[in-house]
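J.: Input: one structure, supplied below.
The values are calculated or read from the model by the stated rules, or taken from the named source; none is laboratory data. In this text, all values refer to a predicted model and were calculated from it rather than measured experimentally. Every residue, glycine as well, gets a Cβ built from its backbone with ideal geometry; the counts of neighbours run over all protein chains shown.
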Amino acid sequence: MGVARLSCVFTFAIAACATGGGDSGSPPSTGSPDGGIVIGDAGDGAPDPFAAAPTCTSAVTWTRGNHGSAEMNPGRGCIACHATNEGPELTVAGTVYPSAHEPDLCDGADGSEGFRITIVGADGQSLTLTPNAAGNFDSKAHVALPYTAKVAYMGRERAMGVMQTSGDCNSCHTQTGANGAPGRILLP
């Protein structure tokens, strides 16, 4: 089942979950109301994706509880759960969605569509992640803190406006947003 695509620029930001600030410094960018940095085509006239009503765009919901699967529990805090439930220890994990206010357990955007998450640690080492069919991404690789993060797709990307110290992305990127995040990690 395909995931509907929005014709909007992805918005991705956290304030209170992060320390520091700044932007990636590369291509020309414009600021946005949520604190993220838009790089690429930001002037498409599309409506604010964070003004949209909550919806499960994929119409697919995870129903198998904490069954060990890389596609399990999309939208929920991965690292916090893995720390208490015998799952593998992760350093970075989250879910990318096609709309801003998707409910927990709703499948996100399928990474086979070609979008990528790039994490750059304080030591300059880069980690590129491809989400799975449920939109989940994760890594066990060491990431030097603080780090920067961005999602790129079809020549568009959104870099977080501040450096991060927690790799549990869904702990801030919830359905309604927490700690300064405006909602879900949104597909560009």
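Yes/no matrix, rows are residues, columns are (1) at pLDDT below 95; (2) out of contact with any strand residue (DSSP E or B) (no Cβ under 8 Å at 6 or more places or on another chain); (3) not β-branched (Val, Ile, Thr):
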position: 3; (1), (2), (3): yes, yes, no
position: 7; (1), (2), (3): yes, yes, yes
position: 11; (1), (2), (3): yes, no, no
position: 18; (1), (2), (3): yes, no, yes
position: 33; (1), (2), (3): yes, yes, yes
position: 48; (1), (2), (3): yes, yes, yes
position: 61; (1), (2), (3): no, no, no
position: 92; (1), (2), (3): no, no, no
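J.: Let me ask something additional. Any idea which residue in region 86-101 is surrounded by the fewest Cβ atoms within 10 Å (Cβ to Cβ), counting only those that are closer than 27 Å to residue 146 by Cβ and either without any contact (Cβ under 8 Å) to a residue 60 or more places away in the chain or acidic (Asp, Glu) (or both)?
T.: If we take residues in region 86-101 being closer than 27 Å to residue 146 by Cβ and either without any contact (Cβ under 8 Å) to a residue 60 or more places away in the chain or acidic (Asp, Glu) (or both), then 89 is surrounded by the fewest Cβ atoms within 10 Å (Cβ to Cβ).
J.: Just the residues that are small (Gly, Ala, Ser) and not in a loop (DSSP other than H, G, I, E, B), please, taken from region 157-188. Steps first, answer last, please.
T.: Quick first cut of region 157-188, residues small (Gly, Ala, Ser) only: 159, 161, 166-167, 171, 177-178, 180-181, 183.
Listed by number, the residues that qualify are 159, 171.
J.: Can you work out which of the residues in region 65-90 that are among the charged types (D, E, K, R) and modelled with pLDDT under 95 is farthest from residue 183 (Cα to Cα)? Explain how you work it out, then say what you get.
T.: Of the residues in region 65-90, the ones among the charged types (D, E, K, R) are 71, 76, 86, 89.
Among the residues that remain, those that are also modelled with pLDDT under 95 are: 86, 89.
Numbers: 86: 28, 89: 25 Å.
Of everything passing the filter in region 65-90, 86 is farthest from residue 183 (Cα to Cα).
J.: Return the total of residues in region 104-134 being in a loop (DSSP other than H, G, I, E, B) and either among the charged types (D, E, K, R) or surrounded by fewer than 16 Cβ atoms within 10 Å (Cβ to Cβ) (or both).
T.: Looking only at that region, the number is 9.
Here is a yes/no grid of residues against (1) closer than 24 Å to residue 153 by Cβ; (2) not polar (S, T, N, Q):
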{"residue": "75", "(1), (2)": "yes, yes"}
{"residue": "81", "(1), (2)": "no, yes"}
{"residue": "86", "(1), (2)": "no, yes"}
{"residue": "93", "(1), (2)": "yes, yes"}
{"residue": "97", "(1), (2)": "yes, yes"}
{"residue": "109", "(1), (2)": "yes, yes"}
{"residue": "120", "(1), (2)": "yes, yes"}
{"residue": "123", "(1), (2)": "no, yes"}
{"residue": "128", "(1), (2)": "yes, no"}
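J.: Tell me yes or no: at least one residue of region 146-156 is in contact (Cβ under 8 Å) with a residue 24 or more places away in the chain, among the β-branched types (Val, Ile, Thr), in contact with a helix residue (DSSP H, G or I) (Cβ under 7 Å, 6 or more places away or on another chain) and not in a loop (DSSP other than H, G, I, E, B). If you could, list the steps in order and put the result at the bottom.
T.: Just the residues of region 146-156 that are in contact (Cβ under 8 Å) with a residue 24 or more places away in the chain, to begin with: 146-156.
Retained after the next criterion (residues that are among the β-branched types (Val, Ile, Thr)): 148, 151.
From what is left, the residues that are in contact with a helix residue (DSSP H, G or I) (Cβ under 7 Å, 6 or more places away or on another chain) are none.
No, the conditions are met nowhere in region 146-156.
J.: Right, here's the next one. Among 147, 153, which is the only one that is buried (at least 18 other Cβ atoms within 10 Å of the Cβ) and either farther than 30 Å from residue 53 by Cβ or in contact with a Lys or Arg (Cβ under 7 Å, 6 or more places away or on another chain) (or both)?
T.: 147
J.: While we're here: Would you please list the contacts, defined by Cβ atoms under 8 Å and residues six or more apart or on different chains, that run from a residue in region 54-75 that is part of a loop (DSSP other than H, G, I, E, B) to a residue that is among the hydroxyl-bearing types (Ser, Thr, Tyr)?
T.: Here the result reads 55/99; 57/97; 57/99; 74/95; 75/95; 75/97; 75/174, each pair linking region 54-75 to a residue that is among the hydroxyl-bearing types (Ser, Thr, Tyr).
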